[in-house]
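Enquirer: Have a look at this one.
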């Protein structure tokens, strides 16, 4: 079965440290997305990608970078982590937009920045 | 710009009772609409989706939703809930102009009393 996996599942980082969250999908989807989930905000889009080598800014990109080295892999990078980035991060993949905008989600990464 | 509003942050119902979770959207045209469910410590899973045609759509696990263009709504319903339906439910919208991004509501946490 096609799947989206994330690693690590839990991460504790120190303020000012570098954090990399990884996502792998076996759906063969062109599009991949990074969201963060916070109480009262639902899911908010950080970065997304249309394919290998492309990254686009989402609605809240400040403090985050993204990398899409291949069709299957999409990373989210926090160069200088801050406590405000403590959250649960979800990766998703999708085939297309509009009527086929359904996205498939990974299990999430719980990040705590101390 | 589009938006999704889920006015009820928390809903509690008794097992066997009927359920309605509310979703209102704002978008200039007819959007594509989705309901996702998130069980504890898991990613989001698609319950159902509306693209066009019959305004009542059926989903997994006996959930259904009704699209109303006049009310800009897409409410989720179930005739008889089970304790295992306890989860967080998200309504989401995709623009009809082939937009690749989903806009999520803030979610409704459902607790079913056994």
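Coordinate-derived values only; no laboratory data. Owing to the predicted nature of the structure, the values given are computational and were not obtained by experimental measurement. Heads up, the Cβs are rebuilt from the backbone with ideal geometry, glycines too, and the neighbour counts pull from every protein chain shown.
Enquirer: Would you tell me the mean number of C-beta atoms belonging to other protein chains that fall within 10 Å of each C-beta in A:88-94, as a whole number?
Expert: Numbers: counts 2, 0, 3, 1, 3, 0, 4.
Mean shielding by partner chains, rounded to a whole number: 2.
Enquirer: Suppose a student asked you for the relative contact order of chain A, using Cα pairs under 8 Å spaced at least 6 residues apart; what percent would you report? Mind showing how you got there, number by number?
Expert: Details: 301 pairs, mean separation 39.7, N = 114.
RCO, chain A: 35 percent.
Enquirer: Comparing B:11, B:37, B:60, which has the greatest mean-square fluctuation in the GNM of chain B with Cα pairs linked when under 10 Å apart?
Expert: Checking each option, the largest mean-square fluctuation is seen for B:60.
Enquirer: Treating the range A:4-113 as a set of equal point scatterers at the Cα positions, no solvent, please give the Debye-formula log₁₀ I(q)/I(0) at q = 0.21 Å⁻¹.
Expert: Values returned for q = 0.21 Å⁻¹ are -1.11.
Enquirer: Highest GNM mean-square fluctuation, chain B, Cα pairs closer than 10 Å: which of B:12, B:30, B:103?
Expert: B:12
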